[in-house]
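Let me begin by presenting the structure, written as structure tokens, before commenting on it.
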């Protein structure tokens, strides 16, 4: 399936458009990378703070429900920005990314990270105080926070290593 997708992108208008943006518009690559990094910052800032609160490590004076309302909108706003900014690079060189095991690892962690965060948020929407009403739910919240923290940190670490995977594992173009 991945091979078919790469074949569809190679030589397409999408690839030509991405290559044009990256090679012909002065300053575009660092600008779009900056947008991507700002998205990472918003997601990590919001999810890590919430996870650390659930684990009882930080912001103990704030209610979980209060932090969910303040922080998770940043996560949901940043995800589309990260998608748009990241897809430009992927479309420009689909073969490079498709063959990069670190890129694949990032997405193997990204999907569950988003789903864990979404599930956590949906429980909170249904019952604003869900994560604070009983010892069992607080324990579940700690477990969810630990999984979330590991996944999001893995996504960021893999994202940073995508460009350097060639040093560890040769990537064919």
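Some observations on this one:
- Of the residues making up segment 60-67, none is under 24 Å from residue 6 (Cβ atoms), assigned to a helix (DSSP H, G or I) and either modelled with pLDDT under 90 or in contact with a helix residue (DSSP H, G or I) (Cβ under 6 Å, 6 or more places away or on another chain) (or both).
- Among (1) more than 22 Å from the chain's Cα centre (by Cα); (2) surrounded by 17 or more Cβ atoms within 10 Å (Cβ to Cβ); (3) free of Cβ contacts under 8 Å to residues at least 60 places away in the same chain - the single one residue 75 does not satisfy: (1)
- Some residue of segment 30-46 being in contact (Cβ under 8 Å) with a residue 12 or more places away in the chain, farther than 30 Å from residue 168 by Cα and within 20 Å of the chain's Cα centre (by Cα): yes
- Residue in segment 126-140 that is surrounded by the most Cβ atoms within 10 Å (Cβ to Cβ), counting only those that are part of a helix (DSSP H, G or I) and out of contact with any helix residue (DSSP H, G or I) (no Cβ under 9 Å at 6 or more places or on another chain): 139
- The condition (being free of Cβ contacts under 8 Å to residues at least 24 places away in the same chain, more than 21 Å from residue 128 (Cα to Cα) and part of a helix (DSSP H, G or I)) is satisfied by just one residue among 3, 7: 7.
The values are calculated or read from the model by the stated rules, or taken from the named source; none is laboratory data. Keep in mind that what you see is a predicted model, and the values were worked out from it rather than measured. Cβ: placed from backbone, ideal geometry, glycine included. Neighbour counts: every protein chain shown.
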